[in-house]
Amino acid sequence: MSAINLLLIAGALWLPSGPAPAADSSLIETILFVGNDHTREEILTREMQQRAGDPFDPRIAEADRQRIENLRLFTRVELQVLRSANGVIVLYLLSERWYLFPYPLLFIHDRDWSKLSYGAGLRHENFRGRNIYLLGNFWLGYNPSVNLSYTNPWIHGRHRLAFTAQASWSRTENLSPRYNGFIERHAGLQGGLSKRFGYYTRVSAGMGYMEVRLPPELKLTRAADGVDRITHFSAGFNLDNRDYSAYPKRGWYLDAGFSLKLLAGTSDYGFVGCDVRRYQPLPGGGLLAGRVRADVSRGRIPVHNLLYLGYSERIRGHFMEVLEGRGRLLASAELRWPILRQRFFHLVPEDRLGYLRNLPFALHGALFYDAGIMAGRSWERAEQRRRGGFGVGLAVQLPYVELMRFERAWDLGGRGEYIIDMKVWF
């Protein structure tokens, strides 16, 4: 922070204290940031609606704080309003996350603890202080893979464009329960552009190329040599005005898009999907959250591109059951309430860099119900593959991990199961 900013803050603190000035009577003299030692200031100001000289509105200032927090660059973002002789000083106190991670890898696939992988990677979550994400990793064990990716959320200045690129190779066990675990080999390149409109809405488009190799004797590929060569195109729309994306308490989330896949020398196929989520706060700090997701396909879908219930998308109560098909419909509802409200602690009190200070911790309880239906070649017999489940859970908010969940679920017949999982369910 510059000496001028320090003098402005010090001068404001000498003035009489009191409630924040009313939105219609006080102007913002200046906006200051403290703690962004690595992150550039323009990364923060482009998330803000208010500017110096605008009338101060505490609701807009809080919305600005939440958008800065959702950048995932800081463990804590605090807002303070200081009175000054000429209006108000809006002060954001920031606790930066550690951003460069050379790390070992040990994780599970498809929320299945028997599918263990191990390896190493290097991740930079704030390259050059511009919120640019770089990733390179590899892993062995289950489904060995190599991945390189680059994400820049803001290119071309005022046009608000984002760019992503990825290269990958993997040796993957086929997911279909109809076959005895044959191996697929995937290699591909893809890239995409997106444009942000306002603060909550984004449209995107992308393209890529992938080769999928299957054992030729199985005759499951369109090509006779056992290699499907796929050029794919996609487009999407996203609206996200949630207050805190890691564990939302209010707002809407909408993600819709389609992808078209062209197989060399044969016909094409594609997918259309939509995911809608609503988070409604309740009196006393509780929350009612709801989600509906639909995915449908057209054309002849190859075995390596089928849709599933039982991997990344699951029904609690049928957590380990796998259903495959060409269409799926999901719905979930959760009643969430705070057990221990969010607080912050210092792991190392004298941490000079600040990366182990202001770390969040909270406990939340939940009651939930999930339902899903999977379509095969058509929706006519999908009723036979309807699944539902309900249960109770405990969510633990942790630094860097974001969230750990411990749940007990039952299917509609009363069969129970325990679930340990990471990240918010939706």
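Each value in this text was obtained by applying a stated rule to the coordinates, not by laboratory testing. From a predicted model like this one, the values you see are computed outputs, not experimental measurements. Heads up, the Cβs are rebuilt from the backbone with ideal geometry, glycines too, and the neighbour counts pull from every protein chain shown.
At-a-glance table
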item	result
Full-stretch length increase - Arg40, Glu321 - with 0.36 nm per residue and alpha-carbon distance subtracted	96.5 nm
Option label - semi-axes √(5λ) of the Cα gyration tensor in Å computed here, alternatives (i) 32, 29, 19; (ii) 33, 25, 19; (iii) 43, 25, 21	(iii)
Length released on extending from Trp98 to Asn86, taking residue separation times 0.36 nm less the Cα-Cα span	0.6 nm
Rel. contact order, % - alpha carbon contacts under 8 angstrom, at least six apart, the stretch 174-422	12 percent
Mean separation of Cα contacts under 8 Å (6+ apart) over length of the chain, as relative contact order %	8 percent
Which listed pairs, of Lys115/Lys423; Lys115/Lys261; Lys219/Lys261, have C-alpha distances above 25 Å, in listed order	Lys115/Lys261
Cys274 paired with Leu140, simple spin-label distance in nm, labels 7 Å along Cα-to-beta-carbon	4.7 nm
Cβ-Cβ FRET estimate between Tyr179 and Leu367, R0 fixed at 56 Å, reported to 0.05	0.90
Least to most buried among Trp113, Trp252, Trp425 (fewest other Cβ within 10 Å first)	Trp113, Trp252, Trp425
Relative contact order (percent, whole number), the stretch 88-163, Cα cutoff 8 Å, 6+ residue spacing	20 percent
Cα shape, the stretch 283-426, gyration tensor, a/c 1.5 rule	prolate
Residue of Ala224, Ala165, Ala264 that the Gaussian network model of the chain assigns the largest fluctuation, springs spanning Cα pairs under 10 Å	Ala224
Computed FRET value (nearest 0.05) for Ser378 with Phe233, which takes r as the C-beta separation and R₀ as 25 Å	0.45
Label-reachable residues, the stretch 216-238, where backbone N falls under 14 Å from a point 7 Å from Ser267's Cα toward its Cβ	222
The stretch 272-338 and the stretch 220-247: distance between their alpha carbon centers, rounded to Å	16 Å
Gaussian network model of the chain, springs between alpha carbon atoms under 10 Å - residue of Ile315, Ile68, Ile31 with greatest fluctuation	Ile31
For the chain, calculated [θ]222 nm from helices alone, where every DSSP H run of n ≥ 4 adds -39500 (n - 2.57)	-2000 deg cm²/dmol
Selected from Met320, Gly270, Ile31, residue furthest toward positive end of dipole (the chain; charges at beta carbon)	Gly270
For Val203, net neighbour charge (Lys/Arg +1, Asp/Glu -1) across residues whose Cβ lies under 9 Å away	+3
Extension gain (nm, one decimal) between Trp113 and Phe390, 0.36 nm per residue minus Cα-Cα	97.6 nm
Highest-fluctuation residue, His186, His232, His159 considered, GNM on the chain with Cα pairs under 10 Å	His159
